[in-house]
Amino acid sequence: MSSALKIALCHVCFLIAGILPLAAQSEPTDDKREAAGRSAWFACLSKPEGLENPVKMLAGEQVTELELPEFMASEAVKIPADGILRIVRVVPDPADPKKTKYLILAEAKIPESVREALVILDPLPEPEGDLLFRTKVQDLAKFKGGDRLFINLSDTNIGVKIGDTAVAVPVKQAAIYASPNLANPANMPIIYRFYHPEQKKWKLLTATTVVITPTRREICVFNNGSRIGKIKKHGILFPVPQPQP
């Protein structure tokens, strides 16, 4: 074998040795990314009259059923590639009764950066065409076991005090009470206040005692009531997923 041929074969072997490990490394990375996925949960503040439950969920081209429980978040749904989740009503297409048409009752766009999202369904005072709900998307990245998440959809500021910790929840914003590391569940007093827009002072909304435990998370949504100075409070239980055996 000539020297030139030996050198050429060595070059080929070197290239093969360099390429194969890179290809082998790329596959697990892709699998891991696919397995991680993105998830969303739905919480319905109240259900308009005539709303079917379970509702129909449209993600991409796939339609599935989703139960909207009372005072709890729904089961998790996979966020599609385009990030858009819709609650729809399936009806025959007037132009062709053999086909189906989707009436959009609610629509949420999940930002690409959000891995875990809560979608709040807030009924519109009056339907806007087929649309029954406005939606609020909340990133759950920092929402850990034992925490309390406060979401203010009202037109006034909300103040919460848990034990000695004060939490400000400005208009149209959210805030988290970060639970201390507790070995056992603990009872804590909690006070809710709101700023009255006409009387220009803070007023008591409600006061009670809550149990802080690392095995569950809870969400409280504040919304406008039927008149100025009236605030509605809606509690949502959001369990902590248990590790798989």
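The values are calculated or read from the model by the stated rules, or taken from the named source; none is laboratory data. In this text, all values refer to a predicted model and were calculated from it rather than measured experimentally. As a convention, Cβ positions derive from the backbone with ideal geometry for all residues, glycine included, and neighbour counts pool all protein chains shown.
All of 94, 69, 80 fail the test of being over 19 Å from residue 132 (Cα atoms), surrounded by 13 or more Cβ atoms within 10 Å (Cβ to Cβ) and not small (Gly, Ala, Ser), apart from 80. Just checking, which of 212, 191 is surrounded by fewer than 16 Cβ atoms within 10 Å (Cβ to Cβ) and either of a type in the set (A, V, I, L, M, F, W, C) or in contact with a Leu (Cβ under 9 Å, 6 or more places away or on another chain) (or both)? Within the list 212, 191, the selection yields 191.
Considering only residues that are free of Cβ contacts under 8 Å to residues at least 24 places away in the same chain and aliphatic (A, V, I, L, M), which ones fall in the range 195-214?
Across the range 195-214, the qualifying residues are 204, 207.
Criterion first (surrounded by fewer than 18 Cβ atoms within 10 Å (Cβ to Cβ), modelled with pLDDT of 95 or more and either touching a strand residue (DSSP E or B) at 6+ places or on another chain (Cβ under 9 Å) or in a loop (DSSP other than H, G, I, E, B) (or both)) does residue 106 satisfy it? The answer is no for residue 106. Does residue 166 satisfy the condition of being without any contact (Cβ under 8 Å) to a residue 24 or more places away in the chain, aliphatic (A, V, I, L, M) and surrounded by fewer than 19 Cβ atoms within 10 Å (Cβ to Cβ)? In short, yes.
Before we move on, is residue 140 under 30 Å from residue 204 (Cβ atoms), at pLDDT below 95 and touching a strand residue (DSSP E or B) at 6+ places or on another chain (Cβ under 7 Å)?
Criteria met by residue 140.
Could you please let me know if residue 158 is out of contact with any Asp or Glu (no Cβ under 9 Å at 6 or more places or on another chain), at pLDDT 95 or above, in the same structural domain as residue 230 (by TED's automatic domain parsing) and under 24 Å from residue 229 (Cα atoms)?
Criteria met by residue 158.
The residue pairs whose first member lies in the range 58-79 and is without any contact (Cβ under 8 Å) to a residue 40 or more places away in the chain, whose second member is hydroxyl-bearing (Ser, Thr, Tyr) and in a strand (DSSP E or B), and whose beta carbons are closer than 6 Å, counting only pairs six or more residues apart or on different chains, are 76/39. From the list 198, 128, the lone residue that is modelled with pLDDT under 95 and outside the structural domain of residue 50 (by TED's automatic domain parsing) is 198.
So is residue 217 among the basic types (Lys, Arg), buried (at least 19 other Cβ atoms within 10 Å of the Cβ), within 23 Å of the chain's Cα centre (by Cα) and not in a loop (DSSP other than H, G, I, E, B) or not? Yes: the conditions hold for residue 217.
Among residues belonging to the range 35-60 that are surrounded by 14 or more Cβ atoms within 10 Å (Cβ to Cβ) and of a type in the set (A, V, I, L, M), point out the one that is farthest from residue 115 (Cα to Cα). Ranking the candidates gives 51 first. Within the range 145-166, if we keep just the residues that are within 21 Å of the chain's Cα centre (by Cα) and not in a loop (DSSP other than H, G, I, E, B), the residue that is farthest from residue 240 (Cα to Cα) turns out to be 152.
No other residue among 88, 63 is at pLDDT 95 or above, outside any loop (DSSP other than H, G, I, E, B) and either in contact with a strand residue (DSSP E or B) (Cβ under 7 Å, 6 or more places away or on another chain) or buried (at least 17 other Cβ atoms within 10 Å of the Cβ) (or both) apart from 88. Examine the range 173-182 for a residue that is part of a loop (DSSP other than H, G, I, E, B), at pLDDT below 95, surrounded by 12 or more Cβ atoms within 10 Å (Cβ to Cβ) and in the same structural domain as residue 56 (by TED's automatic domain parsing), and state whether such a residue exists. Among the residues of the range 173-182, not one is part of a loop (DSSP other than H, G, I, E, B), at pLDDT below 95, surrounded by 12 or more Cβ atoms within 10 Å (Cβ to Cβ) and in the same structural domain as residue 56 (by TED's automatic domain parsing), which makes the answer no. Just one of (1) over 13 Å from the mean Cα position of the chain (by Cα); (2) more than 26 Å from residue 197 (Cα to Cα) fails for residue 123. It is (2).
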